[in-house]
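To keep things clear, I will list the structure first and then write my remarks on it.
The values are calculated or read from the model by the stated rules, or taken from the named source; none is laboratory data. Treat the numbers as computed from the prediction; the structure is a model and nothing was measured. Here Cβ is always computed from backbone atoms with ideal geometry, including for glycine, and neighbour counts include all displayed protein chains.
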């Protein structure tokens with residue numbers, strides 16, 4: 001058995017099924033390029049039949065991305081598989097990933113079929129997919145709650161039909177490492193033709209065990225791990241790619257396994273996915289969280305000073321983490337600024353670079369020190385900007401414990417200037433009431449969050465706002481040293497995104513999948 005683990009990234013498919021995490025085509029392509037830089041083995045680009053937008057995304061990723069295999073998901077029926085092939089055929093390394101549920105509760109209550117009928121559907125689906133391409137993956141949805149002997153039977157049948165990869169998902173995050181590892185071991189040992197396929201795992205995090213279950217499965221003989229950047233995905237999410245990879249690297253003495261991931265690209269990919277989806281990474285998140293390499297306790301700090309490995313089992317540099325070391329200041333020139341953005345992974349047009357540099361100079365007048373995180377925020381504002389129907393021109397607020405919070409706002413809509421004032425429960429609420437009145441939006445706010453990008457009272461605040469209107473859900477973001485301004489910018493950004501989706505008739509869709 002090989003000691004090489006295949007990293008199958010499903011950020012663009014299962015990850016996008018996180019509530020509010022839908023991405024447009026340009027954002028998906030940007031994430032796909034980051035996955036290419038990471039050197040993932042397989043990119044699951046989407047579910048082609050679920051919507052015209054998803055089909056175009058998979059097709060574009062398949063055409064543009066070189067290196068990784070590009071997979072599309074398909075249910076076990078002819079229409080899904082045919083549509084999937086239409087999209088992935090443009091890849092140098094196309095893969096069709098088909099699935100059907102195998103647990104009794106799914107077979108009886110959802111599919112309303114017999115076990116034998118499910119095996120027949122699975123075999124027919126794999127055979128049809130095999131007629132299009134050699135690389136076919138089959139998933140047993142809800143495998144963790146399926147009868148083991150029945151799993152062996154269906155796995156044997158689909159391998160015989162031509163499936164090269166057999167995926168065993170813990171679809172609802174029900175299992176635990178001891179049980180799941182034993183399940184993988186049982187399937188490999190008891191399925192007569194198991195040596196003809198690679199066994200894969202796809203674990204969900206409902207009980208917080210997705211990464212642990214994945215690692216237990218790899219230890220038991222699985223050689224593909226399906227995961228997402230930052231662990232995003234349905235409900236509580238999927239197994240986190242960065243955690244699986246750094247476990248294999250840091251504890252190679254125990255696992256004896258390796259993968260091809262360029263770990264120095266991890267932080268950049270994490271930040272990108274967080275930015276385009278609007279899902280913030282929690283501070284204490286392993287590997288990529290703000291506190292992942294922070295040491296506050298005196299004993300720890302003393303140990304780090306004497307020898308870093310006393311309290312660090314991996315280095316920040318190994319995952320591409322630059323920390324918050326000062327890199328720029330108000331006297332820094334355009335060339336140094338451009339060079340630093342490239343080092344941080346941004347390739348921007350000359351027009352975008354000029355806009356970024358202007359924002360940098362404005363920020364440098366407000367802050368004494370500029371950190372990498374500040375530069376990333378500036379670059380992201382340009383890299384992922386939407387066409388501006390609305391632009392915030394001016395905002396002024398008043399508030400206090402004896403004053404009614406009031407906001408005066410001026411917005412530019414094309415050549416038209418809109419201005420007005422409103423009151424609210426606080427300065428942010430007042431600003432939002434003013435913006436709502438001026439723009440006439442009927443959207444509903446479903447999420448608001450704010451955090452500082454770096455430390456200090458002059459830190460840049462990052463605000464994320466999620467709006468919903470007519471089935472469309474978008475997340476806008478704003479950055480500023482003034483959190484009220486950042487909040488207004490985030491709201492206006494979200495309105496621009498809604499306008500873009502309305503004009504393009506883009507709807508977020510999801511489906512029940514492994």
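Quick notes on this one:
- Elements of type helices (runs of 4 or more DSSP H) in the range 309-419, at least 3 residues being buried (at least 16 other Cβ atoms within 10 Å of the Cβ), modelled with pLDDT of 80 or more and over 26 Å from the mean Cα position of the chain (by Cα): 350-366
- Hits in the range 95-124 - residues which are in a helix (DSSP H, G or I) and under 21 Å from residue 226 (Cα atoms): 122
- The residue that is farthest from residue 21 (Cα to Cα), counting only those in the range 452-473 that are assigned to a strand (DSSP E or B) and modelled with pLDDT under 85, is 452.
- Qualifying residue in the range 448-459 (condition: surrounded by 18 or more Cβ atoms within 10 Å (Cβ to Cβ) and more than 22 Å from residue 380 (Cβ to Cβ)): no
- Candidates 210, 157, 161, 217, filtered to the one that is in contact with a strand residue (DSSP E or B) (Cβ under 9 Å, 6 or more places away or on another chain), in the same structural domain as residue 132 (by TED's automatic domain parsing) and surrounded by fewer than 23 Cβ atoms within 10 Å (Cβ to Cβ): 161
- Candidates 70, 58, 123, filtered to the one that is within 18 Å of residue 150 (Cα to Cα), buried (at least 16 other Cβ atoms within 10 Å of the Cβ) and free of Cβ contacts under 8 Å to residues at least 40 places away in the same chain: 123
- Just one of (1) on the phi < 0 side of the Ramachandran plot; (2) over 21 Å from the mean Cα position of the chain (by Cα) fails for residue 112. It is (1).
- Here is the figure for the range 433-447: residues that are buried (at least 22 other Cβ atoms within 10 Å of the Cβ) and either within 19 Å of the chain's Cα centre (by Cα) or in contact (Cβ under 8 Å) with a residue 40 or more places away in the chain (or both) total 1.
- Residue 28 meets each of the listed conditions (1) closer than 29 Å to residue 471 by Cα; (2) without any contact (Cβ under 8 Å) to a residue 40 or more places away in the chain; (3) in contact with a strand residue (DSSP E or B) (Cβ under 7 Å, 6 or more places away or on another chain) apart from (3).
- Taking the range 221-296 and the helices (runs of 4 or more DSSP H) fully enclosed by it, the elements with 2 or more residues that are at pLDDT below 95 are at 266-277.
- Any chance residue 196 is more than 18 Å from the chain's Cα centre (by Cα) and closer than 21 Å to residue 99 by Cα: yes
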